[in-house]
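Worksheet for the structure shown next.
The values are calculated or read from the model by the stated rules, or taken from the named source; none is laboratory data. Note that this is a predicted model, so its numbers are computed, not measured. A quick note on method: Cβ atoms are made from the backbone with ideal geometry, for glycine too, and the neighbour counts reach across all protein chains shown. Only protein heavy atoms, including side chains, enter the accessible area calculation; ligands, DNA and RNA are left aside. Shrake-Rupley method; radii C 1.70, N 1.55, O 1.52, S 1.80 Å.
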Amino acid sequence: MKKNEPSRMNRVYRAWPKGTVATLSWLNTLGVSTRLAGWHVRSGWLEDFGPRAFIQPGDKVDWQGGLYALQTQLGMSVHAGGKTALELLGLSHYVPLGGHRRVMLISDQAEQLPTWFRKRDWGVIIDHVRMSLFKKIPGESVVKYNSGGFEIAASSAERAVMEQMRLIGSNDDVEYSYQLMEGLNTLRPYVVQELLVNCSSVRVKRFFLWSAETIGHDWFKRLDTSKIDLGKGKRQIYRGGLFNHRYQITVPRQEELPGV
C-alpha cells in the first residue's frame, strides 16, 4: 500500500467529527476507494460499522452520529422531527417509563434509510416515516442541534408540533399533542403562519389552531387565520369527543384535557 496512506487518513480524520459515521461514498470523495477502505479496516485505521459504513477505531457512535452521515454525506432529507425534535430543544417534559426510548425521524422525500442504519441497535427504537406535510418548507422551520462536535438538522418547535399532530391515531395521541402545545408559549407567529399556509393537512391545521386558541397562547392572536385554508366538511380528531363548530372537529371535553 502507498506510503502516503497515513497522511491521507489524517486528512480524512480532520474532516470527520468524532462520534459520527463515515459512509463509503463520502470516503470515496476524499480519495479512499472501496479497496483502500477494506485495507484500512484490516490495518486498524477504520472500524467496520455495516455495509458501506465505518467509524473511527474505538469510537462510540449513537443515532445522532448516524443521522449526521445521512444528512451531510448522503444528502438525505431525513431529520429529527415531531416529539424527538421537541425533546432535543428541551420543550418536551414527557419521558417514557420503562422500555426503550423512541426516536422519530422524518423524511420529506421518498427515501429509505441505508442498511447500516436500519439494522444497527442504537439502544433506542427508531421510528422512520415519510411525511409530505408541507408544500413548501420555510428555512426557519429547520434548526441545527449541537450534538457535541457536530450538528444535526431537526425541526423547529413550530414544525415539530405539527408533525406530531400529523401522526395522531388515537385519543391518547390527541391528549399528548395538546400537552406538548401547552408548553409552546414562545412560538414565532410568522413561522407558524407560513407553515400553516403551506400545510397540506386540514386535520393538522384545524387541531393546531384549536389547541393554541384553547390554551390561550399570546402568539395565536398574531396569526392571520383568514389566509389559512381550513377546507370544508367535518373531521373527527377525538373519538367520542365534543364537536367544535368553529373548526368543525371533534375535540376533548374540558374535563378530558390534560392537567384538568
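See the values below:
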| read-out | value |
| --- | --- |
| Of all residues in the stretch 89-113 being at pLDDT 95 or above and open to solvent by less than 30 Å² (accessible area, probe 1.4 Å), the one that is farthest from SER156 (Cα to Cα) | LEU113 |
| Residues of the stretch 187-215 classified as in contact with a Leu (Cβ under 7 Å, 6 or more places away or on another chain) and either assigned to a loop (DSSP other than H, G, I, E, B) or within 12 Å of ALA157 (Cβ to Cβ) (or both), total | 3 |
| Conditions (1) hydrophobic (A, V, I, L, M, F, W, C); (2) assigned to a loop (DSSP other than H, G, I, E, B); (3) open to solvent by 20 Å² or more (accessible area, probe 1.4 Å): number failed by LEU184 | (3) |
| The stretch 53-68: number of residues that are under 24 Å from the mean Cα position of the chain (by Cα) and either charged (D, E, K, R) or modelled with pLDDT under 95 (or both) | 2 |
| Members of the stretch 47-72 that are open to solvent by 20 Å² or more (accessible area, probe 1.4 Å), in contact with a Pro (Cβ under 9 Å, 6 or more places away or on another chain) and outside any loop (DSSP other than H, G, I, E, B) | GLU47, GLY50, TYR68 |
| Residues (open to solvent by 10 Å² or more (accessible area, probe 1.4 Å) and touching a residue at least 40 places away in the same chain (Cβ under 8 Å)) located in the stretch 191-209 | GLU194, ASN198, SER200, SER201, ARG203 |
| Single residue of TRP26, TRP39 found to be more than 28 Å from GLN179 (Cα to Cα) and either open to solvent by 60 Å² or more (accessible area, probe 1.4 Å) or of a type in the set (A, V, I, L, M) (or both) | TRP39 |
| Residue in the stretch 144-164 that is part of a helix (DSSP H, G or I), closer than 25 Å to LYS60 by Cα and either open to solvent by 50 Å² or more (accessible area, probe 1.4 Å) or charged (D, E, K, R) (or both) present | no |
| Filtered residue count, the stretch 23-41, keeping only those that are in a helix (DSSP H, G or I), under 19 Å from SER7 (Cβ atoms) and of a type outside the set (Gly, Ala, Ser) | 9 |
